[in-house]
Amino acid sequence: MKKCSSTEFELLELVWSNSQPILATELYSAILNRKGNKLSTKAISVYINRMVKKEVLTQTMQNGKYYYTAVSKIDYQRYLINESVTESTGKSFSELLLAFVGKEVSNESLEEINKVIEKMTKK
């Protein structure tokens, strides 16, 4: 996965706000009909192809029609947080977490961390 530009993020939000998978024609229509749209059909196609390459959108064909699904919003937000941590500290989120909690972690801290992980993995 890679970070989206502001326009790509707006398009991603459109996919999130519609049912997934979304039919390609419905996605194009939603983009073209949104308030203040300045994108041509060709530009939309370029953005969508970039988003597929960035692995934030997946394109599938069913019954001769293209559909798009998006990475979940929470997964994209986690990715952005991890990228931000890495850019600002030069360390991965895991390395930063280990540095934060220290070499010895109390049982209370481990229980709290496990509860957070359980919440994050339940969907």
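The values are calculated or read from the model by the stated rules, or taken from the named source; none is laboratory data. All values derive from a computational prediction rather than experimental measurement. Backbone-built Cβ (ideal geometry, glycine too); neighbour counts: all protein chains shown. These area figures cover heavy atoms from the full protein model, side chains too; ligands, DNA and RNA do not enter into them. Shrake-Rupley method; radii C 1.70, N 1.55, O 1.52, S 1.80 Å.
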Report task. Could you pull out the trypsin sites (Lys or Arg not before Pro) across region 36-96 that fall in loop regions by DSSP (anything but H, G, I, E, B) with no more than 12 other Cβ atoms inside 10 Å? Result -> Lys38
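From the P(r) of region 1-55, could you give the percentage of C-alpha pairs in the tail past 16 Å?
Working: 529 of 1485 pairs.
Counting pairs separated by more than 16 Å, the tail of P(r) holds 36 percent.
Give the carbon-plus-sulfur fraction of the accessible surface of region 3-101 in %, rounded to a whole number; probe 1.4 Å, heavy atoms of protein chains only. Intermediate results must be reported in sequence, preceding the final value.
Details: 3410 of 6420 Å².
Whole-percent figure for carbon plus sulfur exposure: 53.
Counting Lys +1, Arg +1, Asp -1, Glu -1, what net charge surrounds Ser17 among other residues with beta carbon under 13 Å of its beta carbon? List each step's numbers first, then the result.
Working: positive: Arg34, Lys73; negative: Glu10, Glu13, Glu26.
Charge balance in the 13 Å sphere: -1.
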Report task. Among the GluC sites (Glu not before Pro) in region 1-108, which ones are in a DSSP loop with at most 12 other Cβ atoms within 10 Å of the Cβ? Mind listing them? Result -> Glu55, Glu104
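How far, in nm, would the chain grow between Thr89 and Glu13 when pulled straight, counting 0.36 nm per residue and subtracting the alpha carbon separation? Mind dumping the intermediate values first?
Values: separation 76, 0.36 × 76 = 27.36 nm, distance 2.86 nm.
Gain on stretching Thr89 to Glu13: 24.5 nm.
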Report summary line: Total charge of the residues flanking Ile44 in space, meaning their Cβ is under 12 Å from its Cβ, with Lys and Arg +1 and Asp and Glu -1, is +2
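Roll a 1.4 Å probe over the protein chains and send me the accessible area per residue for the chain in Å². Display every interim value, and only then the final one.
On the way: 8960 Å² over 123 residues.
Value for the chain: 73 Å² per residue.
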Query raised in the report: Taking the Cα centre of the chain as the origin, how large is its charge dipole in debye, to the nearest 20, when only Lys and Arg (+1) and Asp and Glu (-1) carry charge on their Cβ atoms?
Result: 660 debye
**Report entry** Local net charge near Ser6, Cβ-Cβ under 15 Å (Lys/Arg +1, Asp/Glu -1)
**Finding:** +3
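With N residues in the chain, what two-decimal value do you get for its Cα radius of gyration over 2.2 N^0.38 Å?
Values: Rg = 18.8 Å, N = 123, 2.2 N^0.38 = 13.7 Å.
Scaled against compact globular proteins, the figure is 1.37.
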